[in-house]
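Down below is the structure, laid out as structure tokens.
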Amino acid sequence: MSDLSKNAQCVLRALESSESLTTSEILEIARRPEYSDLCADCAGGDSFVVAANQLVEKGMIKKKFGKGGYRWSIVRE
């Protein structure tokens, strides 16, 4: 995971304990003090979208559009 940007690591950390989260839920989590070591930048929407889409391209997470916007989840084997 160390070869990933801090923003990508932030997204993965936020998703670790949930089956799936909406974009706004992830951004809310990223603003918490316990995430400040990674998530200082991705607490904003644009940086989050770039990092999350990179993770989708790597096959690490997936996104699904639905009610309330995109839902993101970790790809589990």
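The values are calculated or read from the model by the stated rules, or taken from the named source; none is laboratory data. Computed from a predicted model, the values in this text were never measured in an experiment. Cβ atoms come from the backbone with ideal geometry, glycine included; neighbour counts cover every protein chain shown. For the accessible areas, the whole protein counts, side chains as well, though only heavy atoms, and no ligand, DNA or RNA atoms are used. Shrake-Rupley method; radii C 1.70, N 1.55, O 1.52, S 1.80 Å.
Entry note, the chain: the mean residue ellipticity at 222 nm calculated from DSSP H runs of n ≥ 4, each adding -39500 (n - 2.57), is -12000 deg cm²/dmol after division by the residues and rounding to the nearest 500.
The local environment of TRP72, defined by Cβ-Cβ distances under 14 Å, has a net charge of +2 under the rule Lys, Arg +1 and Asp, Glu -1. What is the percent of Cα-Cα separations in the chain that go past 13 Å? Cα-Cα pairs of the chain separated by over 13 Å account for 61 percent. The phi torsions of region 19-25, fed into the Karplus equation with coefficients 6.51, -1.76 and 1.60 and a -60° offset, translate into couplings of 5, 6, 9, 7, 4, 5, 5 Hz, rounded to whole numbers, with Gly and Pro shown as x. In terms of the mean number of neighbouring beta-carbon atoms within 10 Å, the peptides 12-25, 59-72 order highest first as 12-25, 59-72. Surface exposure of the chain, expressed per residue as accessible area with a 1.4 Å probe, stands at 63 Å².
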